[in-house]
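We did not get these values from a lab; they are worked out from the coordinates using the rules stated. A quick note: this is a predicted structure, and the numbers were derived from the prediction, not measured. Backbone-built Cβ (ideal geometry, glycine too); neighbour counts: all protein chains shown.
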Amino acid sequence: MDTVQLVLGAALIRAADEAAKRAHINRSALVREALRQHLKRLKMGELEARDRAGYEEHPGLTDDAEDWERAAAWPEP
């Protein structure tokens, strides 16, 4: 692992230290996990935006989704 220096305000450091203590991890582990989660959310947002743009570009192709929804629906009693 590489060492990275961050500049954080005192309130953020206190909040991070409290959260790390509650999670029984150190501050570095907390920051690593927070960064992983943030990057994951960013990637998911990018993928969703790409999919949304694709459906907007080709709106007539949504019939496939309707077929899948009908196939996945519970049968009528």
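Worth pointing out:
- Dipole magnitude (debye, nearest 20) for the chain, charges at Cβ of Lys, Arg, Asp, Glu: 1040
- Note on Leu35, Leu6: ascending count of other Cβ atoms within 10 Å places them as Leu6, Leu35, the fewest first.
- Cα-based convex hull volume of the chain per residue, rounded to whole Å³: 223
- Nearest 10 degrees, 0 to 90: helix 27-57 Cα axis against the chain principal axis: 20
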